[in-house]
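What follows is a single structure, written as structure tokens, with notes after it.
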Amino acid sequence: MSRKAFSASGAVAVGPYSHAIEAGDLIFLSGQTPVDSQTGKLVDGDIVEQTNQCFKNLFNVLEAAGLTPDHVEKVNVFLTDMNNFTAMNEVYAKQFSEPYPARTTIGVSSLPLGAQVEIEMIARR
């Protein structure tokens, strides 16, 4: 069985993986770090700027798959510093409307390229 993959010009892959894979009516979006697709580098700034960039990248992938944030069912957020939870959460709350997707937030020791945050999603057609 071959995979149906989606790639977005407004997102970056820093390894051998697809931006998203379709499985039935589910779309699994790979984690996005706050890399600016124009420069290929992490955005400068605090957790607010980095979280905004993660969502920008993810929403570009959703668009490439013909979806919107309203299609998102589950979100996983990875933070290198749980003290950034409140600031990340304020950005997060502006990305979706109620009822919000299910979510897990996990503290990790490090992320690729020294990012402070990485976010992945599962959406449904």
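The values are calculated or read from the model by the stated rules, or taken from the named source; none is laboratory data. Keep in mind that this is a model prediction, so the values were computed, not measured. So basically every Cβ, Gly included, is an ideal-geometry build from the backbone, and we count neighbours across all protein chains shown.
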Among the residues of region 21-39, write down those that are among the small types (Gly, Ala, Ser), part of a loop (DSSP other than H, G, I, E, B) and touching a residue at least 24 places away in the same chain (Cβ under 8 Å).
-> SER37
From the list GLY31, GLY40, GLY66, GLY45, which residue is on the phi > 0 side of the Ramachandran plot and modelled with pLDDT of 95 or more?
-> GLY66
Six or more apart or on different chains, Cβ under 6 Å: which pairs go from a residue in region 79-93 that's touching a residue at least 24 places away in the same chain (Cβ under 8 Å) to one that's of a type in the set (A, V, I, L, M) and in a helix (DSSP H, G or I)? Could you list them?
-> ASN84/ILE47; ALA87/ILE47; ALA87/VAL48; MET88/ILE47; VAL91/VAL48
Within region 13-20, can one find any residue that is in a loop (DSSP other than H, G, I, E, B), of a type in the set (Val, Ile, Thr) and more than 11 Å from the chain's Cα centre (by Cα)?
-> yes
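The rows are residues; the columns are (1) modelled with pLDDT of 95 or more; (2) surrounded by 12 or more Cβ atoms within 10 Å (Cβ to Cβ); (3) under 13 Å from the mean Cα position of the chain (by Cα).
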{"site": "VAL75", "(1), (2), (3)": "yes, yes, yes"}
{"site": "ASN84", "(1), (2), (3)": "yes, yes, no"}
{"site": "MET88", "(1), (2), (3)": "yes, yes, yes"}
{"site": "TYR92", "(1), (2), (3)": "yes, yes, yes"}
{"site": "GLN95", "(1), (2), (3)": "yes, yes, yes"}
{"site": "PRO99", "(1), (2), (3)": "yes, no, no"}
{"site": "LEU113", "(1), (2), (3)": "no, yes, no"}
Can you work out which of the residues in region 46-64 that are touching a helix residue (DSSP H, G or I) at 6+ places or on another chain (Cβ under 6 Å) and in contact (Cβ under 8 Å) with a residue 60 or more places away in the chain is surrounded by the most Cβ atoms within 10 Å (Cβ to Cβ)?
-> THR51
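Yes/no matrix, rows are residues, columns are (1) in a helix (DSSP H, G or I); (2) in contact with a His (Cβ under 7 Å, 6 or more places away or on another chain); (3) of a type outside the set (A, V, I, L, M, F, W, C):
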| position | (1), (2), (3) |
| --- | --- |
| PHE55 | yes, no, no |
| GLU73 | no, no, yes |
| PRO99 | no, no, yes |
| THR104 | no, no, yes |
| GLU118 | no, no, yes |
| MET121 | no, no, no |
Only unsatisfied item for VAL43, checking (1) over 17 Å from ASN89 (Cα atoms); (2) in contact (Cβ under 8 Å) with a residue 12 or more places away in the chain; (3) touching a helix residue (DSSP H, G or I) at 6+ places or on another chain (Cβ under 9 Å), is (2)
